[in-house]
1. Among what's in region 454-471 and is in contact with a helix residue (DSSP H, G or I) (Cβ under 7 Å, 6 or more places away or on another chain) and surrounded by 20 or more Cβ atoms within 10 Å (Cβ to Cβ), pick the residue that is farthest from residue 777 (Cα to Cα).
2. Of the conditions (1) touching a helix residue (DSSP H, G or I) at 6+ places or on another chain (Cβ under 9 Å); (2) more than 20 Å from residue 507 (Cβ to Cβ); (3) at pLDDT below 90, residue 551 satisfies every one except a single condition; which number is it?
3. Has region 751-760 got any residue that is closer than 30 Å to residue 638 by Cα and surrounded by 21 or more Cβ atoms within 10 Å (Cβ to Cβ)?
4. Residue 687 versus (1) within 30 Å of residue 637 (Cα to Cα); (2) crowded, with 18+ Cβ neighbours inside 10 Å; (3) within 37 Å of the chain's Cα centre (by Cα): which is the lone unmet condition?
5. Checking the condition exposed (fewer than 15 other Cβ atoms within 10 Å of the Cβ) and either under 23 Å from residue 461 (Cβ atoms) or in contact with a strand residue (DSSP E or B) (Cβ under 9 Å, 6 or more places away or on another chain) (or both), which residue from 579, 564, 584, 630 passes?
6. Quick one: count up the residues across region 674-690 that are closer than 17 Å to residue 625 by Cα and touching a residue at least 60 places away in the same chain (Cβ under 8 Å).
7. Out of the strands (runs of 3 or more DSSP E) lying entirely within region 691-791, which hold 2 or more residues that are in contact (Cβ under 8 Å) with a residue 60 or more places away in the chain?
8. Only one of these conditions is not met by residue 650: (1) surrounded by 17 or more Cβ atoms within 10 Å (Cβ to Cβ); (2) in a loop (DSSP other than H, G, I, E, B); (3) over 37 Å from the mean Cα position of the chain (by Cα). Which number is it?
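The values are calculated or read from the model by the stated rules, or taken from the named source; none is laboratory data. Everything quoted here is computed from the prediction, not taken from an experiment. Cβ atoms come from the backbone with ideal geometry, glycine included; neighbour counts cover every protein chain shown.
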């Protein structure tokens with residue numbers, strides 16, 4: 001039985017034991033601990049038995065030469081993997097067969113045979129073999145053998161010396177380290193005398209003869225002249241040029257030599273010395289431009305100096321001209337300026353200066369309300385897509401855009417190919433709305449995605465909100481810009497129930513708190529339940545109960561079964577025979593039929609800024625957001641709060657098309673001028689300068705509680721604005737239907753109850769009566785309500 005691996009022992013460790021590893025595990029290998037390690041559980045034994053049978057079946061004829069122990073060792077090593085064990089055993093058996101057929105000669109026998117062959121050397125040198133005995137380990141005196149020196153002749157075979165010793169069991173008294181002395185060669189070239197040696201000797205002899213024939217020079221000066229004689233370029237006797245240098249040599253003038261004291265002259269024989277010829281100036285390189293500029297050239301030095309014209313002032317020669325009094329009097333400009341001041345010309349020019357208050361962009365001064373009523377334009381509506389994460393919101397909107405030919409087949413094929421590369425082929429339609437790399441890699445919507453569709457009667461703006469609980473602030477921002485919601489529910493088993501416990505409930509409560517009264521419930525993924533009518537009826541029953549508790553009227557709730565991935569009942573009727581029981585309207589028909597809230601076009605301008613971005617050079621600052629009330633046109637001057645800065649509307653875009661005006665209910669893009677970008681950010685309000693919104697730091701709100709409400713810190717959401725604050729006081733608990741005071745100053749407001757609370761903000765913000773706010777605390781929506789007045 002193979003021993004248990006360390007992994008198996010670690011798997012059965014009891015972590016409550018004080019000492020997991022005992023010393024006996026390492027030293028008492030043959031005792032009880034070894035027996036305990038060999039023990040196997042019943043499951044291991046059963047797996048080992050079954051694995052042994054399967055391995056033998058897989059080996060076939062080779063199983064006869066394999067023992068059970070080897071098979072079990074392989075199974076234990078590969079954790080009962082039969083295929084790996086069979087491969088290992090086949091390779092091992094094949095290797096053993098090869099070794100038996102061709103047994104290699106041991107290195108010891110090879111060394112012995114080489115020693116026998118090399119005994120008589122060609123050079124007559126003898127090879128000495130020394131044996132250094134290995135020190136025998138300590139043993140009892142009775143078993144200790146005497147050590148002796150072993151001398152092995154080179155012409156004797158090693159196999160004869162160890163004829164009585166079995167291989168691998170050599171006793172210590174006969175073991176030794178055999179070393180062979182390296183052969184020593186003569187100090188000469190290989191092969192004795194050669195042509196190279198003769199040539200070297202010949203050159204050496206010629207050099208010695210030349211040194212002997214050369215005249216001896218006594219003094220250092222004579223030796224220096226001799227060296228110059230060898231290195232000179234040409235001599236007087238012979239004008240033939242010798243081998244010249246590649247570059248011209250610059251000669252230096254000789255250094256002055258100190259005169260030594262004169263001695264009595266002695267006549268010595270004169271030795272003819274070659275004279276050193278200095279090269280002519282024609283052979284020298286011309287000076288560089290830098291050197292010529294800095295030091296000048298020979299030609300410039302020979303030229304006469306340049307005669308400059310006389311530039312002296314003619315008045316200086318005049319006797320009556322005094323340079324000290326040149327600037328004592330006023331200048332001609334001062335005299336002329338004084339004459340203008342006397343005549344009053346400067347005062348008249350200053351009066352003519354004025355700052356124009358008119359904006360650079362000219363306004364058409366349209367009556368926008370009358371133009372809007374007479375325009376006969378299509379019905380314009382904005383709807384937000386809500387629901388739990390992974391319920392198919394983005395896929396459903398992508399299918400709607402594809403069916404209405406907003407997205408062509410080529411774009412869908414490109415998205416499908418990109419989705420297949422990362423293993424998410426079903427996300428192609430969802431990527432029509434989710435355009436960022438983060439959303440596509442994570443498979444969830446993060447920010448509000450905007451797109452547009454148009455039918456024969458209406459023009460819709462789609463706001464795809466994220467369904468994940470981490471992005472509820474973005475969902476609130478999208479819901480604040482919509483006229484009604486489209487709630488998407490997954491009809492799959494357990495998906496509807498998990499969504500109702502998750503974000504479906506929170507999204508419905510926030511949408512109702514934003515003032516939305518109509519709702520479309522799209523029961524998605526009906527193809528996964530085979531268009532079961534019973535499943536659809538169960539969802540309708542449970543959702544109707546919950547929506548009516550959230551203050552939605554039953555007649556304003558619309559349920560539509562559909563399949564977003566296949567497009568059934570989205571823009572076309574159901575073609576599946578399993579869905580013949582439904583004969584109602586499609587999702588597109590329900591969108592065109594739903595009632596829209598009344599537009600407040602005759603009130604003062606109120607626009608909530610949802611996004612701030614920089615455009616091109618012509619429009620350095622652009623904002624987008626929903627117009628809650630009022631109208632605007634190109635050339636209007638608007639006020640941005642809370643910065644309290646004015647700006648001019650240079651141009652307007654609605655659904656990516658330039659327009660001259662916009663009204664309440666639309667989501668335009670405004671290109672502004674005459675304002676610094678630091679004065680605008682998300683959540684600000686753009687209003688009319690004559691009717692601004694008041695900045696408040698505390699206000700009273702009628703609040704519907706979703707969670708237990710106490711005086712506590714909260715986050716205040718007003719449309720796209722997000723600001724820290726706190727619930728300062730619980731003023732009273734109110735009747736949910738009549739609004740009467742039930743209890744004053746309650747300690748707590750339970751979920752589902754309505755109360756009047758005082759909310760304190762950290763800084764002044766533009767909030768006015770009638771605006772809706774949502775209060776959240778630690779990632780939970782605790783309540784939503786309507787602002788009543790300033791506290």
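1. The residue in question is 460.
2. (2)
3. Of all residues in region 751-760, those closer than 30 Å to residue 638 by Cα come to 759-760.
With surrounded by 21 or more Cβ atoms within 10 Å (Cβ to Cβ) added as a condition, the list becomes 759.
Yes, because at least one residue in region 751-760 is closer than 30 Å to residue 638 by Cα and surrounded by 21 or more Cβ atoms within 10 Å (Cβ to Cβ).
4. With respect to (1) within 30 Å of residue 637 (Cα to Cα); (2) crowded, with 18+ Cβ neighbours inside 10 Å; (3) within 37 Å of the chain's Cα centre (by Cα), residue 687 is out only on (3).
5. Of the residues listed, the single one that is exposed (fewer than 15 other Cβ atoms within 10 Å of the Cβ) and either under 23 Å from residue 461 (Cβ atoms) or in contact with a strand residue (DSSP E or B) (Cβ under 9 Å, 6 or more places away or on another chain) (or both) is 584.
6. 10
7. Here the list reads 695-705, 713-718, 721-734, 754-766, 772-777, 780-790.
8. Of the numbered conditions (1) surrounded by 17 or more Cβ atoms within 10 Å (Cβ to Cβ); (2) in a loop (DSSP other than H, G, I, E, B); (3) over 37 Å from the mean Cα position of the chain (by Cα), the odd one out for residue 650 is (2).
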